[in-house]
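See structure below.
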Amino acid sequence: MSFNMNDGLQKPLEYKKNQIIDDYTVTRQVLGLGINGKVVEITKKTTNKKYALKILRDIPKSRREISLHYRSSACRHIVGIEDVYENVYGGNKCLLVVMECMEGGELFTSIQARADNAFTEREAAAIMRDIVDAIAFLHKMDIAHRDIKPENLLYSKKGPGAVLKLTDFGFAKYTSADKSLTTPCYTPYYVAPEVLGPEKYDKSCDMWSLGVIMYILLCGYPPFYSNHGQPISPGMKKRIRNGQYEFPQAEWSQVSDDAKSLITNLLKTDPDKRLTIEQVLRHPWIANNLAVPQTPLATRGILREETDNWMEVQDEMDRALAERRIDEDQVHLKNIGLSENPLLARRRNNRN
Ligand code: I85
């Protein structure tokens, strides 16, 4: 196996120039549609093994996606990259990413399909631990994923022994604190905030998503949703902005306080107050996930009842993520301005 060898000795990414169809049989089986490209099933000719192929246009953005994904794929909880091709396809330059095939499908589909009755808080904690490991790996390398959502969490296979992995680096961003290489010369007095970079706020976007996913894992419905079944209502926007959500008794009365406190500290509207991935790793519900109570959860039943609404839940998470990616950059600009500027600081005090 060429991926998941977490020995720090990753071979450099090589774009193969020969035709992908020399090495793989491309099927018509579509596995999914991303915003940036289609994912189809292919088989390697020499081994007859299945893989997933993501087809991207050859533009700088796609090269960044591939480079960040490739560097991350040494993690056990991130989908592995097998090969990358640079081919011309109908006159257009394309980048073809061959990934290990995740045959177990999406996280919540698999929870919903479980045959055994009880899905417990301890199992939810084990799943969270896997997602947390993926994010910790990325954040340590100063990579923010920025699109952590249920559709991007896939199981390696069906049944026991399946590994949960994160995919789609289409919005991922390198968030180096050290901009000295990219911006070699500025005088600190005059440096614009965007030059310093919104380092921390990209990572905090991942932490918010983690909070939303954990909430859904524990009850089967999202913390924020629109009341009338419309895609995105002004009311829902307002609740997200104000962090207005509840733990309704019916599903939450048996859930541990540790779990609720973790969610509460992930769904902080102020990114500065939100937990970092390092803090989550040390949180007892994650660090000690084997000792989490085996309380049965309502999740599976609710996911089944609400199957028809699941597409809407996904759309809403997409839009919320898109807004957050923009919003938190602005929050960052505001924060720097306030801290450096006595006039603004006085205005702020007057307001309160
Ligand atoms: N295997 N977001 C939703 C899929 N193996 N999938 C999406 N962006 C990506 C599809 C649309 C994620 O980068 C995506 C990307 C990569 C994959 C991917 C990678 C590796 C898979 C967009 C499957 C699969 C394979 C066999 C069976 C099944 C699923 O999706 C299922 F169980 F569903 F039947």
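The values are calculated or read from the model by the stated rules, or taken from the named source; none is laboratory data. The structure presented is a predicted model; accordingly, all values stated were derived computationally and were not measured. Neighbour counts are summed over all protein chains in view; Cβ atoms, including those assigned to glycine, are modelled from backbone coordinates with ideal geometry. The protein model used for the area step is the full one, side chains on, heavy atoms only, and it has no ligands, DNA or RNA in it. Shrake-Rupley method; radii C 1.70, N 1.55, O 1.52, S 1.80 Å.
Below is a table of values for the structure above.
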{"item": "Qualifying residues in region 33-56 (those that are closer than 24 Å to I148 by Cβ and open to solvent by 40 Å² or more (accessible area, probe 1.4 Å)) - the one farthest from the ligand (Cβ to nearest atom)", "result": "I55"}
{"item": "Of all residues in region 68-103 being touching a helix residue (DSSP H, G or I) at 6+ places or on another chain (Cβ under 9 Å) and either assigned to a loop (DSSP other than H, G, I, E, B) or among the polar types (S, T, N, Q) (or both), the one that is surrounded by the fewest Cβ atoms within 10 Å (Cβ to Cβ)", "result": "R76"}
{"item": "Test: residue in region 105-120 that is in a strand (DSSP E or B), open to solvent by 10 Å² or more (accessible area, probe 1.4 Å), touching a residue at least 40 places away in the same chain (Cβ under 8 Å) and away from the ligand (no atom under 12 Å from the Cβ)", "result": "yes"}
{"item": "Residue selected from region 37-57 under the condition in a loop (DSSP other than H, G, I, E, B) and at pLDDT 95 or above, by the criterion nearest to T25 (Cα to Cα)", "result": "K45"}
{"item": "Set A125, A136: member being small (G, A, S), part of a helix (DSSP H, G or I) and more than 28 Å from R304 (Cβ to Cβ)", "result": "A136"}
{"item": "Qualifying residue in region 93-100 (condition: of a type outside the set (G, A, S), under 17 Å from the mean Cα position of the chain (by Cα) and within 30 Å of E323 (Cβ to Cβ))", "result": "no"}
{"item": "Subset of region 187-225 that is open to solvent by 30 Å² or more (accessible area, probe 1.4 Å) and outside any helix (DSSP H, G or I) - its residue that is modelled with the lowest pLDDT", "result": "T187"}
{"item": "Subset of region 259-279 (residues that are open to solvent by less than 50 Å² (accessible area, probe 1.4 Å) and under 15 Å from D133 (Cβ atoms))", "result": "I277"}
{"item": "Enumeration of residues in region 280-308 that are part of a helix (DSSP H, G or I) and either open to solvent by 80 Å² or more (accessible area, probe 1.4 Å) or of a type in the set (V, I, T) (or both)", "result": "V280, R282, I286, L290, T299, I302, R304, E305, T307, D308"}
{"item": "Unmet requirement for D116, which otherwise passes all of (1) in contact with a Ser or Thr (Cβ under 9 Å, 6 or more places away or on another chain); (2) farther than 29 Å from L53 by Cβ; (3) of a type outside the set (F, W, Y)", "result": "(1)"}
{"item": "Qualifying residues in region 16-27 (those that are touching a residue at least 60 places away in the same chain (Cβ under 8 Å) and part of a strand (DSSP E or B)) - the one least open to solvent (accessible area, probe 1.4 Å)", "result": "Y24"}
{"item": "Residue list for region 255-271, restricted to those being part of a helix (DSSP H, G or I) and among the hydroxyl-bearing types (S, T, Y)", "result": "S261, T264"}
{"item": "Residue list for region 121-131, restricted to those being within 16 Å of E251 (Cα to Cα) and open to solvent by less than 40 Å² (accessible area, probe 1.4 Å)", "result": "E121, A124"}
{"item": "First in region 283-298 and touching a residue at least 60 places away in the same chain (Cβ under 8 Å), second anywhere and open to solvent by 30 Å² or more (accessible area, probe 1.4 Å) and part of a helix (DSSP H, G or I), Cβ under 6 Å, 6 or more apart", "result": "W285/D258; I286/R129; N289/A126; N289/R129; V292/R122; Q294/R122; A298/E251"}
{"item": "The one condition in (1) in a helix (DSSP H, G or I); (2) more than 9 Å from the ligand (Cβ to nearest atom); (3) in contact with a Leu (Cβ under 9 Å, 6 or more places away or on another chain) that E65 fails to fulfil", "result": "(2)"}
{"item": "Residues (open to solvent by 10 Å² or more (accessible area, probe 1.4 Å) and away from the ligand (no atom under 13 Å from the Cβ)) located in region 132-156", "result": "D133, F137, H139, K140, M141, D142, R146"}
{"item": "V30 open to solvent by 30 Å² or more (accessible area, probe 1.4 Å), near the ligand (Cβ under 10 Å from one of its atoms), more than 16 Å from E100 (Cβ to Cβ) and in contact with a strand residue (DSSP E or B) (Cβ under 8 Å, 6 or more places away or on another chain)", "result": "yes"}
